[in-house]
Structure formats: structure tokens, C-alpha cells
Amino acid sequence: MKRTLIMTALMCSTTVFAGGGSMVPGGRTIAAIVANDPNFSTLLSAVQAAGLVDTLNGAGPYTVFAPTNAAFAKIPQADLQALLNDREKLRAVLLYHVVPGRVTSAQVTKLSSATTAEGSAVSISTSNGVRINDARVTRTDIGASNGVIHVIDTVLMPQ
């Protein structure tokens, strides 16, 4: 009986474990999409370390410019570790990748800048593909229940 209750609770749960036992909600939120895509494992670790899982699982809507593992690999290892160990700086960097509202690729291409959740603006250029600051957008319009994700090839750093 006890085993049946535990199995039922696990099957009905909308929460999954991800990276190091941290809880990440299931479903189609931005947090869940990041948690379930192996190309975002470093981003997931950063979001967890910064305490932003609940934010990216919240109602939103949000537009996230999501750096891949390859984007994080461009950062020297010592600098990346220092960033991951400085929660406030990490939060600022990650929030610099988030624009409040749902901004599709069609809308992004009509903008020259956007104000981020961190408070600073990112520049948007469409002269040579779509660029957010120096990052190239490599995939667009990954729909989430609480926003949209656009994949970028470089980690954005606020000034």
C-alpha cells in the first residue's frame, strides 16, 4: 500500500529532478524546457545557483536569450567558476538575458534595443543575421507556456 501511494505520487507529480537534485518543474515553462535540453545544462546550473528557477517557471511572459553550453565554454573556466560562485553577479548576468514580455523573432527583428529584467538594455542588430549585443541568434521562437526562448551563441554580459 505504501509503495503504491509513493508510486502514485511520483506519477502524478509535475515536478522533476534535474542536475544535482534541484527541483525543476515539468511542463512547458521556460525552466522546464531548459532543464530538459542537454544543450542548456550549464545554463540550468547557473539558473539553479542564482535561485532563478521559480522566476523562469513563473507566469511571465518572458523572452529569454538562452546561451548554450558552447556559449558558456567561451568564458575562461576560472572566470566562469567565479561567476557561478557569486550569486548576485550571476543573477545580474542571467537577468540580462531576460526581456519581460513575449517577443517573437518577427518582433525582435523590428527592434534596435530592448530593456532587460536586469535593468540595462541590449542592442539588437539585423544587418548580419540577428545579433543581441555580440551574440548571434542561432535558433528562434521556442515556445513556452510562459514566454519564448531564442538561443544565442555567446553569454551576454551587462556593462
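The values are calculated or read from the model by the stated rules, or taken from the named source; none is laboratory data. What you are looking at is a predicted structure, and each value in this text was computed from that prediction instead of being measured. Using ideal geometry, Cβ is built from the backbone for each residue, glycine included, and neighbour counts are taken over all protein chains shown. When the accessible area is computed, the model is the full protein with side chains, heavy atoms only, and any ligands, DNA or RNA have been set aside. Shrake-Rupley method; radii C 1.70, N 1.55, O 1.52, S 1.80 Å.
When every residue of the stretch 97-111 is checked against the conditions, at least one turns out to be in a helix (DSSP H, G or I) and touching a residue at least 12 places away in the same chain (Cβ under 8 Å). The residue list Ala78, Ala59 contains one member that is open to solvent by 40 Å² or more (accessible area, probe 1.4 Å), part of a helix (DSSP H, G or I) and among the aliphatic types (A, V, I, L, M), which is Ala78. For the stretch 117-126, the criterion of being within 20 Å of Ser45 (Cα to Cα) and either at pLDDT 95 or above or surrounded by 17 or more Cβ atoms within 10 Å (Cβ to Cβ) (or both) is met by at least one residue.
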